[in-house]
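Remarks on the structure that follows.
The values are calculated or read from the model by the stated rules, or taken from the named source; none is laboratory data. Here the structure is a predicted model, which means the values were calculated and not measured. Here the Cβ positions follow ideal geometry from the backbone for every residue, glycine too, while neighbour counts run over all protein chains shown.
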Amino acid sequence: MEQHSLEIVPLLWLGGWLVAIVAVFWAALRLPLDIGYGSWRGRLYMAGIVLASVGVCALANVALHLHDGHVDLTREKIYTPSPAALKVVDALDRDVAVTYFYNSRDPAAKRSRDVLEVMERRNPHFKLRAVDPDKEPTLARTSGIKIYNAAMIEAEGRRVLVHSTDESEIALGIQRVLRERKITVCFVEGHGELPMDNFEFHTHLENAADHSHGDASSHVVEMPGHGVGRFRRALEAQGYDVQKVVLATRTEVPADCTVVVLASPRTTLLPAESSALRDFLRRGGSALFLFDLGFVLEPELERLMAGLGMRFEQQVVIDPLSHYQNDPELVAVAGYDRHPVTRSLSLTIYPGIRPLSLAAPSAGVQIVPLLASSRDSYTRPVAAAEHRVAGAAPVGDAAAVVPPVPRPRVLGAIAEGTIEGGSQPMRVVAVGDGDFASNSFFPYMANSDLLLSAIRWLAREERNTAVAARVPVPPHILLTGLQTQLVFGIIVILLPLSVVALGCFVWWRRR
């Protein structure tokens, strides 16, 4: 939950102002009055008292104005900038000019202006100018502003236009205008990957309102509407350029790609594509690999991942202890190893995820686990993607008599360093699932935070303040299986029994 701390220094100045005003009133009550106003000494005394009182009040008010404080008494803190936006402003070391064009008759726009004024008082490098286009149409026209509630952000000759009344969007605009290099995220397509250009919904062949994304349902998934459009839009809100790349038609990854995303390919890559990915990493590139259930790594790609210290198992992780709703294949992760990618994460969910086996990487590469299932989790073998048909029995049913071995399974890992033959250090984040990045699961829990944090780390921007763009979602309350059981136990069992116990206690005392 976001916390909004009080500003101590302005409160101290307010206390000083109160002391000054109280001193003036105390003096008015205590100073003698009968001193002979007819004499020149009396008139001088009276003038001195008036000048001193006016001077003290004026100086106190000037000091208070120069150290203006902000106290938001609303429950939702609607007049207080978000902590992330305040961190962005506090970190400014260069002048940033923000011209906010707002409708002075719109309460939401006036609230945004007030919030921006609070941000302006935080740092002298933040320079705000609030303009009503109806009162200054020439300025709005020359700035290219045609709608209300738009902010023109300028710094060092660069300019960014933001259409929003949200201070987080303004903070993102500040980060974008201060960014000195272009960052391009390239989504690889051509093998049934989750498409980035799609409507923000997905379809399945089951025609069921409630369905899973585990091993069984992955046999019958239709991919066209099941994409990563929300993920792409969140990246664009961060100021990243996004483009698609079909490696099958190229000899190498484009030079302008900063980060390559391979999101749930369904068919095996060609050896030339795997070689292009290896060359990209040798040049110091970064990659996000999301290899879902059933995907088969061709030998060249498998050797690349082995050099990074990773091996993807053809299994599905089942977690009876930590999962979402009543589906043990929808694994929930609440604990994370310490890393800039997982900083400030709370809970993420993975619908049908495969484990990774970690081994010693090649010289010059360091690998660390990123995500892991609970101690009660176990695995079951699954079929490769090309062997899956609708209605086929999942692999491993015949071997279900073999007792599973519960233990934590690594679900994602991070590798960085210089691979063999490389000239610059690369970065890789790999996870055994891609559905968690899809439109169905991206906005919920901390899935979006994990993905955007991974992209920031891959783009080498992990030192910047993380500001997340809001993704509109229906109002849902998402609970893990353990949390559901806890709520059920408290509401359905503990509370009724406590009422019965209280009634029995009252009867026993009064009988």
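Looking at the structure I just gave you, is R380 assigned by TED's automatic domain parsing to the domain that holds D292, of a type in the set (D, E, K, R), modelled with pLDDT of 80 or more and not in a strand (DSSP E or B)? It is false that R380 is assigned by TED's automatic domain parsing to the domain that holds D292, of a type in the set (D, E, K, R), modelled with pLDDT of 80 or more and not in a strand (DSSP E or B). For region 302-333, the set of residues classified as of a type in the set (G, A, S) and within 29 Å of G285 (Cβ to Cβ) consists of A306, G307, G309, listed by residue number. Checked against the criterion of being touching a Phe, Trp or Tyr at 6+ places or on another chain (Cβ under 9 Å), free of Cβ contacts under 8 Å to residues at least 12 places away in the same chain and among the acidic types (D, E), region 287-303 has at least one qualifying residue. Applying a threshold of 6 Å to beta carbon distances and a minimum spacing of six or more residues, or different chains, the list of pairs starting in region 39-50 at a residue that is over 15 Å from V24 (Cβ atoms) and ending at one that is assigned to a helix (DSSP H, G or I) and among the charged types (D, E, K, R) is empty.
When L66, L92, L59, L73 are checked against the criterion of being modelled with pLDDT of 80 or more and either assigned by TED's automatic domain parsing to the domain that holds D114 or surrounded by fewer than 16 Cβ atoms within 10 Å (Cβ to Cβ) (or both), a single residue qualifies: L92.
Report yes if some residue within region 467-487 is of a type in the set (D, E, K, R) and at pLDDT 85 or above; otherwise report no. Checked against the condition, which is being of a type in the set (D, E, K, R) and at pLDDT 85 or above, region 467-487 yields no hits at all.
The set of residues in region 162-189 that are in contact (Cβ under 8 Å) with a residue 60 or more places away in the chain and closer than 30 Å to T268 by Cα comprises I183, T184, V185, C186, F187, V188.
Condition check ((1) modelled with pLDDT under 95; (2) in a helix (DSSP H, G or I)) across all residues:
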| residue | (1), (2) |
| --- | --- |
| L288 | no, no |
| F295 | yes, no |
| M305 | no, yes |
| V316 | yes, no |
| L321 | yes, no |
| L330 | yes, no |
| V341 | yes, yes |
| S344 | yes, no |
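Taking the criterion of being closer than 16 Å to R233 by Cα and assigned to a helix (DSSP H, G or I), the residues of region 169-193 that qualify are E169, L172, G173, R176.
Looking across K127, K110, K146, one residue alone is of a type in the set (K, R), in a helix (DSSP H, G or I) and over 26 Å from the mean Cα position of the chain (by Cα). It is K110. Just one of the listed residues (A363, A393) is at pLDDT below 90 and part of a loop (DSSP other than H, G, I, E, B), and it is A393.
Applying the criterion of being of a type outside the set (A, V, I, L, M) and in contact (Cβ under 8 Å) with a residue 60 or more places away in the chain to the residues of region 344-360, the residue that is farthest from S322 (Cα to Cα) is S344.
Scanning region 441-465 for residues that are part of a loop (DSSP other than H, G, I, E, B) and not β-branched (V, I, T) yields F441, F442, P443, Y444, M445, A446, A459, R460, E461, E462, R463, N464. I'm checking my understanding of the structure. Among residues of region 340-375 that are surrounded by 24 or more Cβ atoms within 10 Å (Cβ to Cβ) and among the polar types (S, T, N, Q), which one is nearest to L458 (Cα to Cα)? Selected residue: T348. Residue count for region 97-132, restricted to those that are out of contact with any Ser or Thr (no Cβ under 9 Å at 6 or more places or on another chain), surrounded by 15 or more Cβ atoms within 10 Å (Cβ to Cβ) and over 22 Å from A84 (Cα atoms): 1.
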